[in-house]
Amino acid sequence: ATEPHGDAEIDGHRPEMSSSEVLASSSTAGTPDDGRCVATRQSDGERCAKNVSERWAEFGRYCPTHGKMIKAQRKSEQLAIEAREREARELASSDALAGEMEAMTELFEQLSTRMEELERKAAEDEALGGKRMKTVLSATKTVLTNHKGLMEAKNTLMSSVADVRAACERDEENRKLKEEINELMSSSRENHERLTKAEKDVAAMSKKIKKLTISREGEFMTRAAYRKFLEDSGIDVADCDVFHIIASAHGGPDHTDNFLFALGSSFNRQIGHHLDALNCFLAGKEKCVKAVEIARRVAADEGLWEHVEKRGRRRVLYTQGVHRDKDGRALYREGNNLIRDLRRAALEDRKKAAAAL
């Protein structure tokens, strides 16, 4: 049997090279001993960026991945050499057995001819009796004894032929095993290339996600920057304004805890700074509490005042504005009451409209 090489490459070298030839090619390539793997990636032709592993030092200056590949290649080559030697021995044995079979067949034919002659003579001498008949019977007995021995030899020979056939079947299994090993090595290289690409994709995605992430503690951010953040996150903010929960005129800072995403620009400009309670109710109780907390923290730290937008020439802090004595829950209740009154008014309008029909 011959060794199938396959189409795959190991560390950028042709697969028909032995492991020692691969190592020699790497060592004479002028690669500096800088602690990095000397293998070349097939995907981009660049040298492997991983460090040399001491565990695979017997195979050369390779990282664990390429060291495993060299080890698998050496094992495959050794299996091929052993299979060829075993096949040569078994073929020689098979040829010898075939020669013996031919010789025995010729002997069987001679014996058959001899038996026919003896039977013919026995028939001719049957009437004669006496000493000559005894001689014929003795010769016949000898022939039969020899025939029995030959049959035993034939059975032994057939058993040897069965052993040879089983050995050939094992060689076929070994050949299939080598093909599977080559396929696994090719698959391993492909998986390594896909893994490298996936790692690059994950790094790029992580970098992108980092840009689109706001910490749980919130961040100081201008309305323009927050609008850009929403756009980069895939949110359509066309004809929308970044919405403050607590209006700037009442001490609400430019901070993510005080932004209510982006709402219609017409709606924003209609309510102005007159309906903070409505904004608090729209934002929800927890978000409203956070908005008031950041507004109070800014008011207490002069270094943070710059995050409260001036109205005209004057900057109003939360502790100076109309909500200074209210916490987030109180503003949320005001918004709830406002919505309740609007709902009642709408119900009354519907009743009046129905009564007018």
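For ALA356, are the conditions met, namely being over 57 Å from the mean Cα position of the chain (by Cα) and either surrounded by 16 or more Cβ atoms within 10 Å (Cβ to Cβ) or small (Gly, Ala, Ser) (or both)? Don't jump to the end; show me each part of the working.
On the way: over 57 Å from the mean Cα position of the chain (by Cα): yes; either surrounded by 16 or more Cβ atoms within 10 Å (Cβ to Cβ) or small (Gly, Ala, Ser) (or both): yes.
It is true that ALA356 is over 57 Å from the mean Cα position of the chain (by Cα) and either surrounded by 16 or more Cβ atoms within 10 Å (Cβ to Cβ) or small (Gly, Ala, Ser) (or both).
Consider region 166-177 and keep the residues that are charged (D, E, K, R) and within 13 Å of GLU87 (Cβ to Cβ). The one that is least open to solvent (accessible area, probe 1.4 Å) is ASP171. Restricting ALA249, ALA291, ALA299 to those that are open to solvent by less than 20 Å² (accessible area, probe 1.4 Å) and either closer than 25 Å to LYS228 by Cβ or touching a strand residue (DSSP E or B) at 6+ places or on another chain (Cβ under 8 Å) (or both) reduces the list to ALA291. For region 77-98, indicate whether the set of residues that are farther than 30 Å from SER138 by Cα, surrounded by 17 or more Cβ atoms within 10 Å (Cβ to Cβ) and out of contact with any helix residue (DSSP H, G or I) (no Cβ under 6 Å at 6 or more places or on another chain) is non-empty. Checking region 77-98: at least one residue is farther than 30 Å from SER138 by Cα, surrounded by 17 or more Cβ atoms within 10 Å (Cβ to Cβ) and out of contact with any helix residue (DSSP H, G or I) (no Cβ under 6 Å at 6 or more places or on another chain). For region 310-329, the count of residues that are closer than 14 Å to ALA277 by Cα and not in a loop (DSSP other than H, G, I, E, B) is nonzero. Scanning region 195-221 for residues that are closer than 24 Å to PHE261 by Cβ, at pLDDT 75 or above and open to solvent by 100 Å² or more (accessible area, probe 1.4 Å) yields a count of 2. Quick one: what pairs do we get from region 305-327, first residue aromatic (Phe, Trp, Tyr), second not in a helix (DSSP H, G or I), C-beta under 6 Å, 6+ apart or different chains? From region 305-327, the pairs are TYR318/GLY251. A count restricted to region 51-61 and to residues that are of a type in the set (Lys, Arg) and surrounded by fewer than 16 Cβ atoms within 10 Å (Cβ to Cβ) stands at 1.
The values are calculated or read from the model by the stated rules, or taken from the named source; none is laboratory data. In this text, all values refer to a predicted model and were calculated from it rather than measured experimentally. Please note: Cβ atoms are built from the backbone with ideal geometry, for glycine as well, and neighbour counts cover all protein chains shown. Heavy atoms of the whole protein, side chains included, go into the accessibility calculation; ligands, DNA and RNA do not. Shrake-Rupley method; radii C 1.70, N 1.55, O 1.52, S 1.80 Å.
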